[in-house]
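Structure, as structure tokens:
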Amino acid sequence: TEQQLDKPKIYQSSFQLLVTPPERNISNPLLEQLQGGTVLDALPSRDQDYFATQIQILRSSKLLEPIWQQINDRENLQVENKVTYDQLLQNLFINQQPDTNIIQIGYQDVDRERVKTVLELLAETYLTYTRQEQERREKEKLGFVSEQLPQFREKVDALQRQLLNLQQKYQFFDPTMTGSSLSERLSEVSARKNE
């Protein structure tokens, strides 16, 4: 029992993230069915892939290594007391709550302040990462639209030229304009007849 008394206390804390998978473009359900199964069958597996990806991102060195460096820089500890990258990774637990869009992130350590710092930095870093990814995706979409816009303008101009050529060649007129001018003539004839 003396050995149990000597064991250091382990502190643990966690936070939860509500993670919503991005909206899918289901504009052509027939195409989805042809590509394998119905639209409804495909959605849950895509969601699970998305959550698995988010968990991998949270455990990735891209997010964790800067946090690990910040922790060791903040704590003016002796080299032997500093947390190693592997210890940081081992003490971190991330999982999706069953049947929810919630990911729980927790950390445990003998140092209470370190637990708090790791979780705060991880939340901040993840939110910054997702915001940057969202901005990057929006820029890509805008870039694609900007790239395609001149081509569509050229097509519209070419179609308008073809329409004008056809109207001149076959003496077609705009039906709404022709209808309104005929209506005006009919009104004039009716007014003269009444006079």
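The values are calculated or read from the model by the stated rules, or taken from the named source; none is laboratory data. Everything quoted here is computed from the prediction, not taken from an experiment. Don't worry about glycine lacking a Cβ; one is built from the backbone with ideal geometry, like all the others, and counts go over all protein chains shown. Just the protein is used for accessible areas: all its heavy atoms, side chains included, with ligands, DNA and RNA removed. Shrake-Rupley method; radii C 1.70, N 1.55, O 1.52, S 1.80 Å.
So the values come out like this:
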{"item": "Contact order normalised by residue count of region 85-195, Cα under 8 Å, 6+ apart, percent", "result": "10"}
{"item": "Shape category assigned to region 116-191 from the gyration tensor of Cα positions, a/c cut at 1.5", "result": "oblate"}
{"item": "Per residue, in Å², the accessible surface of region 110-195 once ligands and nucleic acids are set aside, probe 1.4 Å", "result": "89"}
{"item": "Protection-proxy order for peptides 114-126, 137-149, each taking the mean of Cβ atoms within 10 Å per residue, highest first", "result": "114-126, 137-149"}
{"item": "Between region 107-155 and region 86-104, the Cα center-to-center distance that results, in Å", "result": "20"}
{"item": "Highest to lowest packing among 164-170, 54-60, 104-110, scored as the average C-beta count within 10 Å", "result": "104-110, 54-60, 164-170"}
